[in-house]
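Remarks on the structure that follows.
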Amino acid sequence: MSDPFVLAIGLLTHLKASPPAAKPNPPKELGAGFVEATEPVLCQSPIALPSVSRVENSEPEFSPVGRNPSASWLEQQLFEGLPPESFRARDAAGIAAHAWEVFADTSAAEPVTYLPTAQSRPLSGPQMYQQRLAALRSGQTYTRIAVDSFASWWRDATNQPTYEQWKGLLASEARAIARGQGGNRLAILLGDSISMWFPQERLPKGPLWLNQGISGDTSRGILSRLSALSATQPDTIYLLAGINDLRRGARDDEILWNHRQIVRRLREEHPQAEIIVQSILPTRLGTISNQRIRRLNREIAAISQQEGAIYLDVHSQFLDPAGALRPELTTDGLHLNRQGYEIWRGALLRSQSWKALSDSE
């Protein structure tokens, strides 16, 4: 990372003091699967934090949480301070199981190095929030830091950030990238917890990456926060949305309308960018019909083509013979383990290869 990039982020965030030193950063033919077409939580040392609105109801954290594989401990950390109506009790067991397994899973077919130990990276929403905040305040970008950076700041974090606080943090990261991008290519992940927990060290090399996933978010929520990206100059935007809409009882026409509006807005505001709309992944949850997901994906593919976006079929790569999410790729029937993220990474690499070939023509 160039010094001007660091300087730009530092100026943007009004950096006055640096947190404890982090470890240095580690020095047109379509391919298969494509169709063209409550207050901020302070860190351990006081620093000036951006003002973020307080809201009474926060989104539940459908993401890995905690450092202890005890389900009751994880559930306590997950839902402390949240209104009971903001989540369903039957979600708790799956969420708690996901918390420990997502990065500690050992079922990958090929060895992939993610963790020296189970404590070396954030495993919960509060921990990730604090790490990303510390990175931002030190003039760095989250997707380019070592996974264990700023551990003393996030290791004991338990207070759940609200949805509005996550929006504020991600908007600040987007502004920082916009100020410091320079001539670098930029790729954006836009979505929910599945995007949010993509391991930053496994993002394909080459461009800068901006992760704009928020746990529990819906297509409507994503549509409402696109303005945070207005100053960025991305080459590629990867959209993955819809599963939380299904969990919350949204109608198909609502989900499809939101997808169309998201693509239109992105095309209008980022005409230079390739918009890649990814299929909704299958699940193993009895409350969500995989047949309905397949039907929605056919409609999303058609919308992508109509609106000038690229549809990326990742759904088929995650299917078992029964048409559900392959059990070896998930921690709780919905979220991905590290083997699942490796398959998704492969899809992103293929999309990059296709784009490079397309740009060379």
field: Residue-count net charge about Ala174 - beta-carbon cut-off 14 Å; Lys, Arg +1, Asp, Glu -1
entry: +3
- prompt: Cα extents of segment 132-199 along the three principal axes, largest first, in whole Å?
  reply: 38, 24, 21
task: Subtract the Cα-Cα distance of Asp313 and Gln291 from 0.36 nm times their separation in residues, and report this length gain in nm to one decimal.
output: 6.4 nm
- prompt: How would you rank 244-255, 127-138, 322-333, 182-193, highest first, on the average number of other Cβ atoms within 10 Å across their residues?
  reply: 127-138, 182-193, 322-333, 244-255
statement: Label model pair Ala322, Lys205: point-to-point distance (7 angstrom along the Cα→beta-carbon line) in nm is 4.1 nm
message: How large is the direction-averaged shadow of the alpha-carbon convex hull of segment 203-355, in nm²?
response: 8.7 nm²
- line: The FRET efficiency for Ala146 and Asn184, from their Cβ-Cβ distance with R0 = 25 Å and rounded to 0.05, is 0.80
task: Please compute the net charge surrounding Glu268, taking Lys and Arg as +1 and Asp and Glu as -1 over other residues with Cβ under 13 Å from its Cβ.
output: +2
query: Label-point separation (nm) for Ser353 and Trp257, each offset 7 Å from Cα along Cα-to-Cβ?
result: 4.1 nm
- prompt: With the other protein chains left in place, how much accessible area per residue, in square angstrom, belongs to segment 217-316 at a 1.4 angstrom probe?
  reply: 40 Å²
- prompt: Working out 0.36 nm times the residue gap between Ala231 and Gln305, then minus their Cα-Cα distance, what length gain in nm do you get to one decimal?
  reply: 24.1 nm
message: Rounded to the nearest percent, how much of the accessible area of segment 167-310 (1.4 Å probe, protein heavy atoms only) is carbon and sulfur?
response: 43 percent
message: What does the net charge come to around Lys205 if you take all other residues with beta carbon closer than 13 Å to its beta carbon, with K and R at +1 and D and E at -1?
response: +3
- line: One finds, for Glu268 and Ile343 with R0 = 41 angstrom and r their Cβ-Cβ distance, a FRET efficiency to the nearest 0.05 of 0.80
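The values are calculated or read from the model by the stated rules, or taken from the named source; none is laboratory data. Just so you know, these numbers come straight off a predicted model, no measurement behind them. Glycine also receives a Cβ, built like all others from the backbone with ideal geometry; neighbour counts cover every protein chain displayed. Ligands, DNA and RNA are excluded from the accessible area calculation, which covers all protein heavy atoms including side chains. Shrake-Rupley method; radii C 1.70, N 1.55, O 1.52, S 1.80 Å.
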